[in-house]
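Working notes for the structure below.
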Amino acid sequence: MSAADSAVDAADDVLEGVAFDNLYTAKIEPELETLEQRRKSAFGLFLAIAMVGAIPLVGELLFFPNFQLLIITAVLTGALAYVPLARVQVASKEAIINALCAPLAITYTETKFEAPAFATFLSLHLLPHPDDSTFQDLFSGRHGEVAFQLWQATCSQGSGKSRHVVFRGQVFRITTPRKLLGTTVVLRDTGWLDRFECPQGLKKVGLEDPRFEQVFEVFGSDQVEAREILTPTFMEQLLKLEQSYASERLRCGFVGPDLMIAVEAPLRFGVGNMFTTLVDRTRVQRIAADIEAVFKLIDEFNGA
């Protein structure tokens, strides 16, 4: 068995089965038990702040019955009351993810990082040009023979009442041993992608199967190389990956050794609500499944 295969097997072992059971019992569960005490204290503060905030809310309801004012007061009270719980939520998420990633030699950064190759994603139209972007959950490491970086992004356009989200999902950069000579970009022909023009320096590529031309827009600098990559089997694979990620807008680009992927899908890696006990194995299993889904996506693309 090669070292790469061993690394892949190790990932599978840690995220499920006996190795997962041992990791949960030895490391994760004790940390969650400690954090649960913090959650209970934070929940007590939540109730206290909520009750204090209810006083002006009742006063407004009785003496100044203004619906908009009532909503503002309720939202501000709820947000302030949730702050202590939010801090415990962040700490719990970091504890779980770091515990799962440590045996895999994967580093994790929750926030305050610069998104890798973000300008390239924009120039290839894999992401829309935003007025504002936030990034979270950066994973960096190796899986088998490939290095990867994954993070989650939320991109918005406009301001004030016209502000709207134009992308929310996962962004990948996978560096493989294979180095292509040209650049190929596959865009999903739906939603805001319909408004995209051809990325600079590329030309539209005609696909072998006309069915997929109704779904995807493909651009490349090397027509021959692009068609070698984008076989009917590979395009079918893209559609299956969209389904597995509950997405309708998966797009990717091949640039030198890098495979760049943007998946518009619900955000992952959440620890769940903070109004029930943290010592819950299913919370950890959900995050482990999210990480395992990343490895499966890498395997699918790396085998293409």
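The values are calculated or read from the model by the stated rules, or taken from the named source; none is laboratory data. Keep in mind that what you see is a predicted model, and the values were worked out from it rather than measured. Every residue, glycine among them, receives a Cβ derived from its backbone with ideal geometry; neighbour counts consider all protein chains shown. These area figures cover heavy atoms from the full protein model, side chains too; ligands, DNA and RNA do not enter into them. Shrake-Rupley method; radii C 1.70, N 1.55, O 1.52, S 1.80 Å.
If we scan the range 146-167, do we find a residue that is open to solvent by 30 Å² or more (accessible area, probe 1.4 Å), modelled with pLDDT of 95 or more and not in a helix (DSSP H, G or I)? Within the range 146-167, one or more residues are open to solvent by 30 Å² or more (accessible area, probe 1.4 Å), modelled with pLDDT of 95 or more and not in a helix (DSSP H, G or I). His129 meets each of the listed conditions (1) within 16 Å of the chain's Cα centre (by Cα); (2) not in a helix (DSSP H, G or I) apart from (1). Met1 passes every criterion in (1) outside any helix (DSSP H, G or I); (2) at pLDDT 95 or above apart from (2). Quick one: in the range 242-259, which of the residues that are crowded, with 17+ Cβ neighbours inside 10 Å and more than 14 Å from the chain's Cα centre (by Cα) is farthest from Ser221 (Cα to Cα)? So, considering only residues that are crowded, with 17+ Cβ neighbours inside 10 Å and more than 14 Å from the chain's Cα centre (by Cα), the one farthest from Ser221 (Cα to Cα) is Arg251.
The single condition among (1) at pLDDT 85 or above; (2) open to solvent by 40 Å² or more (accessible area, probe 1.4 Å); (3) not polar (S, T, N, Q) that Leu61 does not meet is (1).
Output the residues belonging to the range 263-278 that are in contact (Cβ under 8 Å) with a residue 24 or more places away in the chain and out of contact with any Gly (no Cβ under 7 Å at 6 or more places or on another chain). The answer is Pro266, Leu267, Arg268, Phe269, Gly270, Val271, Met274, Phe275, Thr277, Leu278. If a residue must be closer than 28 Å to Cys101 by Cβ and either open to solvent by less than 30 Å² (accessible area, probe 1.4 Å) or touching a Leu at 6+ places or on another chain (Cβ under 6 Å) (or both), how many such residues does the range 123-139 contain? Residues in the range 123-139 being closer than 28 Å to Cys101 by Cβ and either open to solvent by less than 30 Å² (accessible area, probe 1.4 Å) or touching a Leu at 6+ places or on another chain (Cβ under 6 Å) (or both): 5 in total.
Residues in the range 207-229 that are part of a loop (DSSP other than H, G, I, E, B), under 19 Å from Leu124 (Cβ atoms) and over 25 Å from the mean Cα position of the chain (by Cα): 3 in all. Could you say which residue among Ile49, Ile96, Ile71 is in a helix (DSSP H, G or I), at pLDDT 95 or above and aliphatic (A, V, I, L, M)? So the residue among Ile49, Ile96, Ile71 that is in a helix (DSSP H, G or I), at pLDDT 95 or above and aliphatic (A, V, I, L, M) is Ile96.
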